[in-house]
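Asks: Pasting a structure below so you can have a look.
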Amino acid sequence: MEKKPKIIVFDLGTDYTLWPFWVDTHVDPPFRKGAQNKVVDSHGHTVRYYSDVPDVLKQLSGEGYELGVASRTSEIKGAKQLLDLFGWKRYFQYVEIFPGSKVTHFSNIRKSSHADYKDMLFFDDEARNIVEVGKLGVHAVLVRDGVSRRVVEDTLRSFGKQ
């Protein structure tokens, strides 16, 4: 039996992990549902996410993985609003959204979940976060063009071979 992570954590998107923008600078909260049920910002601009993300979250959740988000954004309300409007809130057992070190985010997740860092998997697009969280023993993966089905599947395979 291959080893599986207990918890899979995603950087939320103060940057380019689940969606292709910085929630605190590139879009303008508050967010709402607009025409054709699309999520829009306060100027009516459509807010998009990476196309594979909804299916990835649904599949991982369906396979029994516990999921979390760790974001250092100061736009806490807007980030949570997007999770809700995209219909993703239901997938995340751990929501750590506040400015500061990702070490604090992961410390909180560890306390809440009682899982060891070595049993966690983390996706982020910023190298500094990968290094910082990796030092804890978390299997941290640098995402260059957003989370995709392939990136997640490849990472789960490599995690299982550790």
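The values are calculated or read from the model by the stated rules, or taken from the named source; none is laboratory data. Just so you know, these numbers come straight off a predicted model, no measurement behind them. Neighbour counts run over all protein chains shown; Cβ positions are idealised from the backbone, glycine included. For the accessible areas, the whole protein counts, side chains as well, though only heavy atoms, and no ligand, DNA or RNA atoms are used. Shrake-Rupley method; radii C 1.70, N 1.55, O 1.52, S 1.80 Å.
Asks: ALA79 is checked against (1) in contact with a Phe, Trp or Tyr (Cβ under 9 Å, 6 or more places away or on another chain); (2) buried (at least 21 other Cβ atoms within 10 Å of the Cβ); (3) aliphatic (A, V, I, L, M) and fails just one. What number does that condition carry?
Replies: Looking at each condition in turn, ALA79 falls short on (1).
Asks: Give the stretch 81-110 a look and list any residue that's farther than 16 Å from THR17 by Cβ, of a type in the set (D, E, K, R) and under 12 Å from the mean Cα position of the chain (by Cα), or say none.
Replies: LYS89
Asks: Right, another one. For the list (1) in a helix (DSSP H, G or I); (2) open to solvent by 40 Å² or more (accessible area, probe 1.4 Å); (3) of a type in the set (A, V, I, L, M, F, W, C), I need the number of the one condition that VAL133 fails.
Replies: All conditions pass for VAL133, except number (2).
Asks: Further question on the same structure: Which ones in the stretch 4-55 are over 19 Å from GLY68 (Cα atoms) and of a type in the set (D, E, K, R)?
Replies: ASP24, ASP28, ARG32, LYS33, LYS38, ASP41, ARG48 - these are the residues of the stretch 4-55 that are over 19 Å from GLY68 (Cα atoms) and of a type in the set (D, E, K, R).
Asks: Considering (1) in contact with a Ser or Thr (Cβ under 6 Å, 6 or more places away or on another chain); (2) among the hydroxyl-bearing types (Ser, Thr, Tyr); (3) within 17 Å of LYS6 (Cβ to Cβ), say which one SER107 fails and leave the rest.
Replies: In the conditions (1) in contact with a Ser or Thr (Cβ under 6 Å, 6 or more places away or on another chain); (2) among the hydroxyl-bearing types (Ser, Thr, Tyr); (3) within 17 Å of LYS6 (Cβ to Cβ), SER107 misses (1) alone.
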